[in-house]
Amino acid sequence: MPEPTYIVLIKQVPDMDEVEFDYEEGRVDRSSAPLEPNPFDLNALEEAVKYKEELGGEVLAISMGPKQAESTLKDAIARGADEGILLHGREFAGSDTWATSLALAHAIETAGSCDIIFAGEKTVDGDTGQVGPEVAEYLDIPHVAFVSDVTKRGEKEIQVESETWGATYLKSMNLPGLITVTKDVNEPRLPSFKDKQRARKAEITTWGIDDISIDPDNLGVTGSPTRVANMEVPPPEERESLILREDPGNSVNQLLEKLDLGREN
Amino acid sequence: MSDVMVFAENNGNKIHPVSYELLGKGKELADKLGGELTAALLSGTSLPAGELIERGADRVYRGTAERLAEPIESSYREVLVQVIEEANPEVILIGATNFGRSLAPRVAMALDTSLTADCTGLDIDEEKNFVQIRPAFSGNILAHIKSRTSPQLATVRYRVFPEAGIEEGKEGEVIDVELSLGGEDTKQVEVLEERRGKKVNLEDAEVVVAAGRGLKKEEDFELIEDLASFFDGKVGASRPLVDDGWIGRAHQVGYSGRRVKPRIYIACGISGQSQHLAGMKDSDMIIAINSDPSAPIFDYADYGLVGDLYEVVPELTRQLKGE
Ligand SMILES: Cc1cc2nc3c(=O)[nH]c(=O)nc-3n(C[C@H](O)[C@H](O)[C@H](O)COP(=O)(O)OP(=O)(O)OC[C@H]3O[C@@H](n4cnc5c(N)ncnc54)[C@H](O)[C@@H]3O)c2cc1C
Ligand SMILES: Nc1ncnc2c1ncn2[C@@H]1O[C@H](COP(=O)(O)O)[C@@H](O)[C@H]1O
């Protein structure tokens, strides 16, 4: 039996606490913020590494993005991935979720056989959560989304808790399959200094369109079924607040007078 | 090819209310496109189609299959694709619930067509393009999206649009669809157990009282519960308290938790980081209790009480109860 392969889909995103939004121009200044791995994807990676620790195998991190995304893949290696593959080239730029999923699915097929694919619940910039299930559909494998716990790691089957229909469902899925994870699934480990040193020297494989045999007509702005017609940056909706700073008894009293809360009930 | 179809999400007993909101908006879009409004009612056991019609649907495509009794996306994907191919709508609206957001991408990829996630605005422009407005960048921007393929799919956020009203006695057509659910792949996922006990529907609460890091011990949730119970409301929490295991994850409010829009949101000892705000800033009324007068939450609150939550919360509960 060949060793199992786990693939993690990981995107590099701007740090949302630092990124600046230009309210007047309606623009996001991506250069204003440091780049980091999408926070949800670190949970996906952690889950893959846990699988490997239990059952052996290899963790492969795949990212599609600009050259700088190499650092996100190195970060993934420091956190336990064995290899990093970057899909890169101008043809990929401007892809929507459909085109992104198509490219990632081609890369997964190129990488060879794979047992489980791990993706994040969503990215903090694209914010759609579509890429995981779209990849699964293209590869014709099952998926479970919004996984908040992995309860059994098997070679042929995975058991997970998934949040859906307003409840928690314990599900089993035959492998190969894909899961998308929420932040609740685990606490991603922090890489040690030694791991970071090792990862810094790691080679990242770069693949272009020819390596994954994908038709460029299906990629980028031209290949994407959706396009952004325009963008608005609405200023944060602050509220006119009445601030009460007296002793608790008085503040509460004033609040209730304003609100008439008591009487509604 | 100018009809609008609404996917009527249900758990076998009850149609999710987001479906009624979609019917309201869907009707408006269908009128602008010069088409009809249809609904896909797919379920494990047969559900009445009447309310969908009374709320605006001209036609309901109804189908049942045993396997639809469970939330398994690949089963639903198979039958929804079948219904879409039969009804041939131009626009398909799906609630942006966890289920909808997991099902829609499978359908879009299966049909090789466009999908826009989590829309908060929908319109038809002068050239009859379907314009989909959605937040991105963690809710900091609004993108206007257009599609160049057909049909065009969108998932739509719950509690953004009002529910379509009921027009009693309105007539419509119910088409019973013979579903063929044979694909082996629909058997790849199996539900072993439904953990109903954990269910907390924060999204539907009229009042949410939430605690953050200002709470010092797990036991102190009692203060929060006391206040919430006065309103018959629900208890929420910021992420750190959930991470510490003080309260179940179903109570987490925010970007990676639940998005709530209650009549009253009371934030106790919560600083108001953007990821928390993303889950509650659209509440009708926000009351913040925090000991730090410079806490960002006060900028987003209608009423701010500067003080120690251990004094303010019990005092509020006491005065509300008229003690
Ligand atoms: C990708 C990502 C997703 C996230 N998703 C979420 C999410 O869904 N939900 C979420 O909540 N967070 C989320 N976070 C975390 C978020 O960034 C903040 O860390 C978190 O919201 C802070 O919680 P807090 O306000 O309870 O704690 P703090 O920021 O520590 O604030 C505690 C507040 O309590 C006040 N306080 C202290 N003692 C008292 C007292 N006795 N009386 C009154 N006030 C007191 C303090 O003045 C302070 O303002 C996410 C972060 C990331 C990176
Ligand atoms: N460019 C990308 N490269 C690698 N993985 C991605 C990329 N975009 C999205 N993903 C994966 O798909 C998930 C959902 O992304 P999204 O649909 O953009 O919200 C992410 O959490 C990642 O796991």
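Every read-out reported here was derived from the displayed coordinates using simple, explicitly stated rules and does not represent laboratory data. A quick note: this is a predicted structure, and the numbers were derived from the prediction, not measured. Here the Cβ positions follow ideal geometry from the backbone for every residue, glycine too, while neighbour counts run over all protein chains shown.
A few points about this structure:
- Where the Cα pairs of the stretch B:108-168 fall when distances are cut into 5 Å bins, in %: 4, 17, 23, 22, 18, 11, 4, 2, 0
- Positive minus negative residues near B:Pro89 (Lys, Arg vs Asp, Glu; Cβ under 11 Å): -4
- Cα gyration tensor, the stretch B:244-287 - rounded (a/c under 1.5), prolate or oblate: prolate
- Other protein chain C-beta atoms within 10 Å of residue C-beta, averaged over B:248-257: 4.
- The stretch A:157-256: radius of gyration over Cα atoms, expressed as a fraction of 2.2 N^0.38 Å: 2.04
- Cα→Cβ-extended label distance, 7 Å offset, between B:Glu193 and A:Glu187, nm: 2.4 nm
- Options A:Val181, A:Gly65, A:Gly84, ranked by Cα towards positive dipole end of chain A, top entry (Cβ charges): A:Gly84
- Chain A: projected area of the alpha-carbon convex hull, averaged over directions, in nm²: 20.0 nm²
- The stretch B:202-321: C-alpha gyration tensor shape, a/c 1.5 cut-off, then a/b vs b/c: rounded
- Sequence of A:Met16, A:Met231, A:Met173 once ranked by neighbouring C-beta atoms within 10 Å, starting from the fewest: A:Met231, A:Met16, A:Met173
- Sequentially through the stretch A:5-14, phi angles give Karplus couplings (6.51, -1.76, 1.60; θ = phi - 60°) of 10, 10, 10, 10, 9, 9, 10, 8, 9, x Hz, Gly and Pro residues having no value and appearing as x.
- For the stretch B:4-176, the convex hull drawn through the C-alpha positions has a volume of 106 cubic angstrom per residue.
- C-alpha center-to-center spacing [the stretch B:233-255, the stretch A:219-254] in angstrom: 21 Å
- Candidate cross-link partners of A:Lys196 among the lysines, defined by an alpha-carbon separation under 24 Å and a same-chain spacing of 8 or more, comprise A:Lys11, A:Lys50, A:Lys52, A:Lys67, A:Lys74, A:Lys183.
- Taking other C-beta atoms within 10 Å as the exposure proxy, B:Glu203, A:Glu91, B:Glu219, B:Glu86 rank B:Glu219, B:Glu86, B:Glu203, A:Glu91 from fewest upward.
- By the count of neighbouring beta-carbon atoms within 10 Å, fewest first, A:Trp98, A:Trp165 end up ordered A:Trp165, A:Trp98.
- Shielding of peptide A:154-164 by partners, expressed as the average count of other chain Cβ atoms within 10 Å per residue Cβ, is 3.
- Rg(Cα) / (2.2 N^0.38 Å) computed for the protein assembly as shown, rounded to two decimals: 0.98
- Between the helical axis of B:221-231 and the longest alpha-carbon principal axis of chain B there is an angle of about 60 degrees.
- Other residues whose C-beta falls under 14 angstrom from the C-beta of B:Glu167 contribute a net charge of -3, scoring Lys and Arg +1 and Asp and Glu -1.
- Computed over the Cα atoms of the stretch A:37-79, the ratio of the radius of gyration to the Kirkwood radius (Rg/Rh) comes to 0.99.
- Shape category assigned to chain B from the gyration tensor of Cα positions, a/c cut at 1.5: prolate
- Other protein chain C-beta atoms within 10 Å of residue C-beta, averaged over B:88-98: 1.
- Under 27 Å from the Cα of B:Lys128 - lysines, other chains or at least 8 residues apart: B:Lys25, B:Lys27, B:Lys32, B:Lys146
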